[in-house]
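S.K.: Following this message is one structure expressed as structure tokens.
The values are calculated or read from the model by the stated rules, or taken from the named source; none is laboratory data. Because the structure is a prediction, the values reported are computed rather than measured. All Cβ positions, glycine included, derive from the backbone under ideal geometry; neighbour counts span all protein chains shown. In case anyone asks, the SASA skips ligands and DNA or RNA and just uses the protein heavy atoms, side chains included. Shrake-Rupley method; radii C 1.70, N 1.55, O 1.52, S 1.80 Å.
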Amino acid sequence: MRAIKDGIYATLDVVFAPILLVVATPIFISQVGIEQYGLWILINSILASLSIFNFGINETIIKFISEAKSNANYNEQQKILSSILVFLILLATLVLGLYYIFYFINSFTEFFKFNEVLKILPYAIPLFFIKQIEQALFALHKSHENFKQLAKQSFISKFILYSTQIIAVYIFSQVDLVFLMSSIFAFIYLIIQFLILKKKYGPIFHFKFASYKKFKSMLDYSKWAWFSSTILIFNAHVDKWIVSALLGLKFFAYYAIGVSVLNQLKTILTASVSWIFPRISGNQVSYSNQAKSHLHLTIFVSFAGLFVSFFLEKIDFFFLRWLGSETFQNSKVLLHTFLLLLPVWLMSSASYYYLLGLGIVKRKFFIDLMVLILRVSVAFIAILSLNFKSWPVLFVIPILFEVMLYVLAINKKVKLNIGYFSLLVILNLTILTLRYLNVL
């Protein structure tokens, strides 16, 4: 029962953004046009990619605070959280300071010519750092398995972000001012979250608790978690950069709709099993049950993805009402193609959290790097050499590579039932093929 509740709250943590994005998308398209909408999506993609500066912070908080909590060591929790938050604050101050100095000097010297994207980034980059610090606070909730509080704070944060952007685009119809208003209101809510932190967890954060020695002791885990998360960020966005560069901003806007639907659904359904991460980290799952839990969670999330994928593919009227006739017709093939990939990709969800919880982050980094290289190769070959509209279906190749290598990495530490898992892979691939051929 507790696992079900945690799964629901963890899912709610990530479900608000897609819902609000559904509301925001037609408004942005109608207010600023399809190309400026593509610019908005591209800026958000760049901001997400800037997560290379997170240094694996969120995973580190969950991993080490879960361990300290299981040992009833509150002082250790104070040191861990304070050391990490002080580092994030100092990093944000340094990077923003250097960026604005460069931007100010360049406005006079014109040493570097700013395009439309670079002109908007000064308004958008503060939002990235605000959200990074906020994600560290969310990671604290996860480490304490306080998924109800996580869902509440997540909803308020995302509601403020998207409602601010929707109101701003209505009033100003300018993408730069949309990000400026978002940064201001996101910062105000971040301050509020810090004020209520003590009420929930006591004096768990203070500058005086920060320790360079403590931060350094976590670097071996955090650096590999950071390398891995950096690769995953590029993996999630590199195809967008390739498409926008090779096929233009207009086609990219249609492509972005399809890939965004896939990524948001993947994020939502993956979050439903994220509660296993702090439990694996805190040694709350016995060795004998780890393999069984992994298989059960993988089957659950993959079949959930299959149901959602089937359902959404069959209700085109939803996308038609959401996007409008012209936008939907231009993005329909891409939308349906990306939906085919969802159940297969979800087979890596439970494995992702097992790798983090078991501390297999170094091996995970090298797997993610190989997947990224394969994904880039597939994208370039498909765009430059192949001529069919549903070419993104070829992303099933790097997805399968990720799924199987994750499982093999975990199997070195926890003996999984590879036979059952292989059958699940074959079943999902068979269904994908039949759906692609319009047999199902």
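S.K.: Name the most mobile residue of ILE43, ILE19, ILE80, meaning the one with the largest mean-square fluctuation, in a Gaussian network model of the chain with Cα contacts below 10 Å.
M.R.: For the chain, modelled as a Gaussian network with Cα springs under 10 Å, the answer is ILE19.
S.K.: Right, next: Shape of segment 88-197 from its Cα gyration tensor (a ≥ b ≥ c, root eigenvalues): rounded if a/c is under 1.5, otherwise prolate when a/b > b/c, or oblate? Spell out each step's value before the answer.
M.R.: Working: a/c = 3.21, a/b = 1.62, b/c = 1.98.
It comes out oblate by the Cα gyration axes.
S.K.: Further, regarding this structure: Which of ILE431, THR164, GLN284 sits closest to the plus end of the dipole of the chain, meaning its Cα is farthest towards the positive end, when Lys and Arg get +1 and Asp and Glu get -1 on the C-beta?
M.R.: GLN284
S.K.: Using a Gaussian network model of the chain whose springs link C-alpha atoms within less than 10 Å, name the residue from TYR99, TYR353, TYR255 with the highest mean-square fluctuation.
M.R.: TYR99
S.K.: Same structure, new question: Rounded to a whole number, what is D in µm²/s for the chain from Stokes-Einstein with the Kirkwood radius over alpha-carbon pairs (10 °C, 1.306 mPa s)?
M.R.: On the way: Rh = 22.8 Å.
Value of D from the Cα-based Kirkwood radius: 70 µm²/s.
S.K.: Shifting gears a bit: GNM, the chain, Cα, under 10 Å: largest mean-square fluctuation among GLN193, GLN132, GLN165?
M.R.: GLN193
S.K.: I would also like to ask the following. Could you tell me which of VAL178, LEU190, LEU140 has its Cα farthest along the dipole of segment 129-215 towards the positive end, charges placed at Cβ (Lys, Arg +1; Asp, Glu -1), taken about the Cα centre?
M.R.: LEU140
S.K.: Just to verify a number: what accessible area does LEU197 come out at with the full protein assembly present, 1.4 Å probe, Å² rounded to tens?
M.R.: Estimated to the nearest 10 Å², LEU197 gives 10 Å².
S.K.: In nm, what is the difference between 0.36 nm times the number of residues separating PHE108 and ARG321 and their Cα-Cα distance?
M.R.: Using 0.36 nm per residue and subtracting the Cα-Cα distance, I get 72.0 nm.
S.K.: Over the chain, what is the relative contact order in whole percent, taking alpha-carbon pairs under 8 Å and six or more residues apart?
M.R.: Taking the mean separation of contacting Cα pairs over the length of the chain, I get 23 percent.
S.K.: Between segment 66-115 and segment 236-272, what is the C-alpha centre distance in whole Å?
M.R.: Between the Cα centres of segment 66-115 and segment 236-272 lies a distance of 27 Å.
S.K.: While we're on this one: Where the centroid of each part is defined by its Cα atoms, how far is segment 355-386 from segment 165-223 in Å?
M.R.: After rounding, the separation between the Cα centres reads 30 Å.
S.K.: For THR433, what accessible surface area do you get with a 1.4 Å probe? Give it in Å², rounded to 10.
M.R.: It works out to around 70 Å².
S.K.: Hey, another quick one. Based on Cβ point charges of +1 for Lys and Arg and -1 for Asp and Glu, what charge dipole magnitude is obtained for segment 196-290 about its Cα centre, in debye rounded to the nearest 20?
M.R.: Here the size comes out at about 600 debye.
S.K.: If you don't mind, there's one more thing I want to ask. Please report Rg over Rh for segment 161-320, where both radii come from the alpha carbon positions and Rh follows the Kirkwood definition.
M.R.: Rounded to two decimals, Rg over Rh is 1.03.
S.K.: Hey, another quick one. Could you put PHE128, PHE104 in order of accessible surface area, largest first, with the 1.4 Å probe and the full protein assembly present? Don't jump to the answer; show the numbers that get you there.
M.R.: Working: PHE128 10, PHE104 125 Å².
Heavy-atom accessible area, descending, gives PHE104, PHE128.
S.K.: How high is the relative contact order of segment 201-352, in percent, with contacts defined as C-alpha pairs under 8 Å that are six or more residues apart?
M.R.: 33
S.K.: Mean Kyte-Doolittle hydropathy of -0.5 or higher plus an axial Cα length of 20 Å or more: which whole DSSP H helices in the chain meet both?
M.R.: Flagged H segments are 2-49, 74-109, 116-143, 147-172, 175-201, 219-247, 249-271, 287-314, 325-345, 361-385, 396-411, 418-436.
S.K.: Follow-up. So between GLU35 and LYS208, what do we pick up on full extension, going 0.36 nm a residue minus the alpha carbon distance?
M.R.: Gain on stretching GLU35 to LYS208: 57.4 nm.
S.K.: Can you give me the long-range amide H partners of SER173? Hydrogens built in the peptide plane at 1.01 Å from N, cutoff under 5 Å, separation of 5 or more residues or another chain.
M.R.: none
S.K.: Once the piece of chain linking ILE101 and ASN73 is laid out straight, how much longer is it, given 0.36 nm per residue of separation minus the C-alpha distance between them?
M.R.: The ILE101-ASN73 span can extend by a further 5.8 nm.
S.K.: May I ask you to give the percent of accessible area on the chain that is carbon plus sulfur, with a probe radius of 1.4 Å?
M.R.: Values: 13400 of 19670 Å².
Roughly 68 percent, rounded to a whole number.
S.K.: Here is a follow-up. So what is the accessible area of the chain per residue, in Å², with the probe set to 1.4 Å?
M.R.: About 45 Å² of surface per residue is accessible.
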